[in-house]
Amino acid sequence: MGGGGVRSMFLAKSIAQKAEALHITELVFVDNDPEKLRIYGGMAAHVARRLDPGLTFRLTTDGEDAVRDADYIITTIRVGGDKMRVGDERIALDRGVLGQETTGAAGFSFAMRSVPALAEYCELARQLARSTVKVFNFTNPAGVVSQALRDMGYDFTYGICDAPGGMLREFAALYGADYSRISGECYGLNHLSFFCSIKLDGREIMPELLAREDARTETDLRYFEQDLLSHMGCVPNEYLYYFYYQEKAVENIIMAGETRGEVIESIDRQMTAELSAMDIERDFDGCLKCFEKWYGKRDSSYMANETGARRTRPWHFDLTSPDAGGYAGVALRFIELTQQEEAGDMILCVPGGDALPGLEPDDVIEISCSISSGQVVPHIIQSPDPRAMELIRRVKSYERLASKAIVERDRQAAVDCLMLHPLVNSYSLAKELSETYIAHNADFIGGWH
């Protein structure tokens with residue numbers, strides 16, 4: 001779902017490379033934007049055919065056609081497109097509040113559109129897909145969205161994110177090791193998680209990793225000062241930058257003069273316009289060069305305006321290199337573990353409040369899990385950092401109330417959730433933001449009481 005997104009080729013590459021091993025015979029990309037599906041879905045189709053000619057690959061704008069008899073569904077949709085994201089973030093920033101689309105107040109606005117649309121797809125899946133279907137949600141903000149979908153009874157949904165796995169891959173590269181040799185114990189919420197242990201070949205490397213200067217230049221630890229890493233004694237998700245450096249993030253965005261949403265909107269608009277005039281089938285290599293040019297700008301600008309730190313390594317899409325993971329890799333890891341006899345571990349967003357102190361059993365958290373025969377068991381974290389837990393509990397309260405507000409269309413719950421959000425933390429701001437976001441999303445969400 002969202003097969004016309006700019007990252008469609010990544011998903012096609014991941015699945016095509018592992019399709020035979022995982023017994024995947026048919027792949028369908030669906031999107032309600034025919035032109036973007038033609039461009040980015042078409043490039044994905046080309047990648048899939050090159051890697052696995054035997055894999056049946058289809059593009060469609062028909063949601064019912066896409067989910068019929070599906071075993072697995074990945075959702076990565078953006079309701080309202082980049083234009084609505086720009087509005088989400090500007091509304092918050094104009095009031096001095098962080099406007100980041102997942103961690104900041106803008107995430108609530110994005111979720112207001114995401115949840116109803118995904119609920120419709122989940123209903124289609126319930127009616128038309130296999131009875132054992134699993135839905136992997138990558139649509140942001142994954143924490144609120146995953147909680148809301150579970151609260152609505154869609155217990156076949158799982159939240160996935162490539163941030164924790166991506167960080168482990170960076171650490172493996174730092175040590176010159178294959179990704180299979182590194183493991184980590186993770187707990188928290190989506191975009192608010194902590195690694196309390198990282199092992200290489202079974203040896204704990206957390207203390208030395210935190211002390212390595214090159215870890216702060218070559219990995220996403222670049223967003224944190226050395227004294228904070230030493231003081232916390234754990235590896236934080238890169239999005240924790242917005243909590244630990246809140247005023248700097250807001251100041252940096254204002255000084256940059258454009259939000260992340262505005263950067264993405266500009267890059268995607270120019271890339272799509274250029275690709276629309278090219279022939280994907282006859283000049284795929286030319287299209288790929290165009291894509292690399294523009295996506296390289298996206299990659300190098302990731303969190304750059306907000307932090308002042310810029311990724312310097314050139315970005316390149318290698319069609320034949322081993323799969324680098326990403327969100328598709330998370331979904332494929334789940335599929336792999338459900339098909340093999342031995343249990344294995346991975347990081348997922350699942351109900352698991354019992355694994356952390358002070359949370360409710362049905363709270364969706366991001367945590368290392370053991371998976372065997374399709375059963376998902378979150379790891380019990382024996383001694384989580386009390387500072388981490390204080391922030392986790394506070395943001396989980398926000399997510400719970402955000403879910404209630406969206407599912408029940410409840411204005412008061414909308415005020416309550418934003419009032420509790422650590423990056424808003426104000427009744428007057430919460431009231432103003434909630435009313436503005438309800439009006440902003442009127443064309444997508446209908447009336448609220």
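The values are calculated or read from the model by the stated rules, or taken from the named source; none is laboratory data. Please read all numbers here as calculations on a predicted model, not as lab measurements. Quick reminder, even Gly has a Cβ in these numbers, built from the backbone with ideal geometry, and neighbours come from all protein chains shown. When the accessible area is computed, the model is the full protein with side chains, heavy atoms only, and any ligands, DNA or RNA have been set aside. Shrake-Rupley method; radii C 1.70, N 1.55, O 1.52, S 1.80 Å.
Taking 45 Å as R0, compute the FRET efficiency from the Cβ-Cβ separation of Glu258 and Glu341 and round it to 0.05.
Approximately 0.30, to the nearest 0.05.
Antiparallel as a % of all DSSP beta bridges within segment 91-220, to the nearest 5?
Taking every DSSP beta bridge within segment 91-220, about 75 percent pair in antiparallel fashion.
Taking the Cα-to-Cβ direction at Asp62 and at Arg49 and moving 7 Å from each Cα, how far apart do the two end points lie in nm?
The answer from the label model is 2.1 nm.
Per residue, how many Å² of accessible area does segment 132-197 show with a 1.4 Å probe?
It amounts to 28 Å² per residue over segment 132-197.
For Ser131, what charge total do you get from the other residues with a beta carbon under 14 Å from its beta carbon, if Lys and Arg give +1 and Asp and Glu give -1?
Neighbourhood net charge equals +1.
May I ask you to give the average projected area over all directions of the convex hull of the Cα atoms of segment 1-151, in nm² rounded to one decimal?
Taking the Cα atoms of segment 1-151, their convex hull projects to 9.0 nm² on average.
Can you bin segment 181-283 into rounded, prolate or oblate? Criterion: square roots of the alpha carbon gyration tensor eigenvalues sorted a ≥ b ≥ c, rounded for a/c under 1.5, prolate for a/b above b/c, oblate for the rest.
In terms of gyration-tensor shape, oblate.
If you take the square roots of the eigenvalues of the alpha-carbon gyration tensor of segment 335-449 and sort them as a ≥ b ≥ c, do you get rounded (a/c under 1.5), prolate (a/b over b/c) or oblate?
On the way: a/c = 3.52, a/b = 1.80, b/c = 1.96.
Note, shape of segment 335-449 comes out oblate.
For Met346, what is the net charge nearby, where nearby means another residue's Cβ is under 14 Å from its Cβ and Lys, Arg count +1, Asp, Glu -1?
Here the count lands on -3.
Rounded to the nearest 5, what is the percent of antiparallel bridges among the DSSP beta bridges in the chain?
About 70 percent, rounded to the nearest 5.
Label segment 392-449 by shape, choosing from rounded, prolate and oblate, from the square roots a ≥ b ≥ c of the eigenvalues of the Cα gyration tensor; if a/c is under 1.5 it is rounded, and otherwise prolate applies when a/b is larger than b/c, oblate when it is not.
Oblate.
How much of the accessible area of segment 59-215, probe 1.4 Å, is carbon plus sulfur, in whole percent?
Roughly 45 percent of what the probe reaches on segment 59-215 is carbon or sulfur.
Mind ranking 215-221, 251-257 by how tightly packed they are, going by the mean number of other C-beta atoms within 10 angstrom, highest first?
Ranked by mean Cβ neighbours within 10 Å, highest first: 215-221, 251-257.
Quick one: net charge of Ala413's neighbours, Cβ under 14 Å, K/R +1, D/E -1?
Net charge around Ala413: -1.
What is the packing order of peptides 225-236, 153-164, taking the mean over residues of other C-beta atoms within 10 Å and listing the highest first?
Peptide ranking by packing, descending: 153-164, 225-236.
Go through 382-390, 361-369, 127-135, 179-187 and give me the packing order, highest mean Cβ count within 10 Å leading.
361-369, 179-187, 127-135, 382-390
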